[in-house]
Amino acid sequence: MAVLTYRDALTQALREELQRDDRVFLMGEEVAQYNGAYKVSKGLLDEFGPMRIVDTPITELGFAGVGVGAAMVGLRPIVEFMTWNFALLALDEVVNAAAKMHYMSGGQYKMPMVFRGPNGAALQLSAQHSQAWESWLAHIPGLKVCTPGTPADAKGLLKSAIRDDNPVVFLEGEMLYNVKGEVPEGEHIIPIGVAELKREGDHCSVITHGKMVLVAMRVADDLAKEGINIDVVDLRTVRPMDVEAISRSVQKTNRAVVLEEGWEICGMGSQVVDFIQRECFDDLDAPVLRVHQEDVPMPYAKNLERAAKPDAGKTIAAIRKVMYLD
Amino acid sequence: MATKVVMEALSPTMEEGRLVKWNKNEGDQVKSGDVLAEVETDKAVMELVARGDGVLRKRLANEGDASPVGTLIAVIAGADENIDSIVASAGAASAPATAPAQPAQAAQGTEAGSAPSEAPAPPQQKAPTQAPSAPPRPTPPAPPRPPSAPPAPPRGNGASRPAPAGGGRQRSSPLARRLATEKGIHLGAIQGTGPGGRIVKRDIENAKAAGVAAGPSAAAERLATEGDFKDVPLTQIRKTIARRLAESNGPVPTFFLTAEFDATRAAELRTQLLEMGEEYKVSFNDIVIRAVALALAEHPEVNAHWLGDKIRHFNRIHVAMAVAVEDGLITPVLFDADRMTLWDISGKARDLAKRARERKLLPEEYTGSTFSVSNLGMFGIDQFTAIINPPEAGILAIGGVEEKPIVADGQLEVRQRMRVTMSCDHRVIDGATGAKFLQTVRRYIENPLSLII
């Protein structure tokens, strides 16, 4: 199996889907001539031409709306946001147009489109450009929200997202673009809404998604040296959420830590904990703990940024606590 | 790794414990399971055991000190391990063993985001506006610790709460409760090792492994076993009786039935038994308990609990006997008393009474009764009324046996007489029901050979 970067896995998915269906096209800032701010669309302009790979002005609300209109008339647009921090400007089209069109038209209009781009903090991009938006977007009925954490999942989920007749929010990790992993060739499809048990253990469940999957895997390696074996449940899609996968794991381990990149209040983890307390009440031996970004705008200073982010140390501390080891 | 020894909740209602005696000295090597100290709970003197291996490095409570549940009272650690921070944490968090719980409560209140109490102290004034943005924080604060860091020094607020300020409710995880039910383990018989004495999965597993309190030794379990009782739905008339009588007479509408039994033959039996040897010695109390147990078997409607929405008639007979102890009374239980011989009852009653006075009864030995007997005859009381122990439906108060002139068959005779008064919960027992029960008790007392065969 080929080892690809997360970035190349996404490019591969885009290329395959652009080849497969000529209604699919990509639009966004710098996606064509510049090959994408993060080079996800590298080479696509040469292969598919300017009608399929479209550079837009710096107008998030405008081109997101163009995408909605294109989807309404039967095309399958992929709208790239240079980062999801800029997508705030386009939220009216995402939330009020794309997410509701099928519902409010009584089913007359499908909305087969993808909004994609990097999400979450990178390094020292400061408060305005270091934010994880999945809980905002997963809040909205009518949207599906994918958060792949590995190259293989990135490819498989993007192909599913492009083929889906509903608007799909696709959150990539800026720090993940260079991460490498094995990626199956060709028709590799990961269904939306199916989690994966990325590591198996009996002692504690760590439920996570997106970039934090890497952190959880590192935690699993570290704790294995102490004889502590954890389940790493990678949600992969946060809406719809694979509740059964969560339940299966927690019913086995009797304890859970929910790890996410974003803030605590109304974060993705709140929803996971809610599922757990309802579905696994009689299986819990300890309160469920969450690990998340500290409740502050992301600091610019390197040391403060590190302190504000969720990391392996905080995750290990939470795991030890729910296992009553401290 | 250091093990903190905390005052554990050794009874279901314990809020603090008094350290009666240290069994280990500082410097002693201890293993998990060793008895570290004897602790007096609100009910009994119990053993506090070590939950880790090492050296008992520091004792933080003195003999005689009372400490709230959850208070750090000792530290077990490696011989040269640094325990300064742990010892210091005891001083900060909960040091004076007798300190009231208010500081902890206040801290918790603020931490939980609730507005500060009435005191409008300037430093606290900002708390209400800060509260919504400063929620309790389950994860430890930054900076992160490397994974290989040594055991955590005490963390900030909320990381590990000391005593459950709020009361003696026994804490247990949902899983622990489920496992206890499945394995037939009575939670009251287990000491929790989780935060604040919470019973967690490992405690159930340890209890199961140790055979502690499994199955029938747990009183509650005993009573809950399917087939050992019959629930009787309340008829309308029963509901009306219950409601009207409770309105009239407090929550337990009680009435009293007094009867005088002839105890002459019982006294003779006692004397004859004693002549056979000390090992045959029985007390009047034993005779009454045996008679009551056999009578209860014939009158299950008296061997009952009032459960609010139904009456539960028990098929098994667990008779509690009131025992006076130094500063109160306790009611140890003779389980399945109808299946015990007079001598079984005598031996068991003596043992229970002795251990009750020494405060050595286990919780499951004084809970789970279906009927009670109280005897003040030895104090020269010839008749009294006893208070029902809810949810039981009745209690029999026994007066002393004394010689009285009696007219029998037109002849004046001197007989040994005993007066008993039964307190009945009228919601469960009607006058005639109670009277018939007392008739049966009389039959047994006045024909004591039936108690032996």
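The table for this structure:
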read-out	value
Computed [θ] at 222 nm, helices only, for the protein assembly as shown once each DSSP H run of length n ≥ 4 contributes -39500 (n - 2.57)	-9000 deg cm²/dmol
Which listed pairs, of A:211/B:201; A:155/A:180; B:21/B:360, have C-alpha distances above 24 Å, in listed order	A:211/B:201
Rg(Cα)/(2.2 N^0.38 Å) for the range B:225-452, N = residue count	1.02
Neighbour cut-off at most 16 other Cβ (10 Å), DSSP loop, GluC sites (Glu not before Pro), the range B:1-55	B:26
Cα-based radius of gyration of chain A once divided by 2.2 N^0.38 Å, which approximates compact folds	0.98
Shape parameters for the range B:301-378, alpha-carbon atoms, Rg then Dmax in Å	13.2, 39
Rg(Cα) / (2.2 N^0.38 Å) computed for the range A:1-53, rounded to two decimals	1.08
Calculated Rg and Dmax of the range A:6-145 using C-alpha coordinates, Å	14.8, 46
Hull volume in cubic angstrom per residue (convex hull over the Cα atoms of the range B:241-294)	112
Spin-label pair residue B:82/residue B:274, simplified geometry with 7 Å Cα→Cβ offset, distance in nm	7.1
Residue list for the range B:262-288, given a label point 7 angstrom along the Cα-to-Cβ vector of residue B:415 and an amide N cut-off under 16 Å	B:262-269
With eigenvalues of the C-alpha gyration tensor scaled by 5 and rooted, the range B:229-319, Å	37, 16, 9
Separation of the residue B:42 and residue B:21 label points, Cα + 7 Å toward Cβ, nm	2.6
Per principal axis, descending, Cα span of the protein assembly as shown in whole Å	129, 66, 58
Proximal lysines to residue B:354, defined as alpha-carbon separation beneath 19 angstrom and excluding residues fewer than eight positions away on the same chain	B:43, B:281
Cross-link partners of residue A:100 among lysines (Cα-Cα below 22 Å; sequence separation of 8 or more within a chain)	A:110, A:144
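A short reminder: the numbers here are calculations on the coordinates, not readings from a lab. No experiment lies behind these values; they were computed from the predicted model shown. Virtual Cβ from ideal backbone geometry, glycine too; neighbours counted across all protein chains shown.
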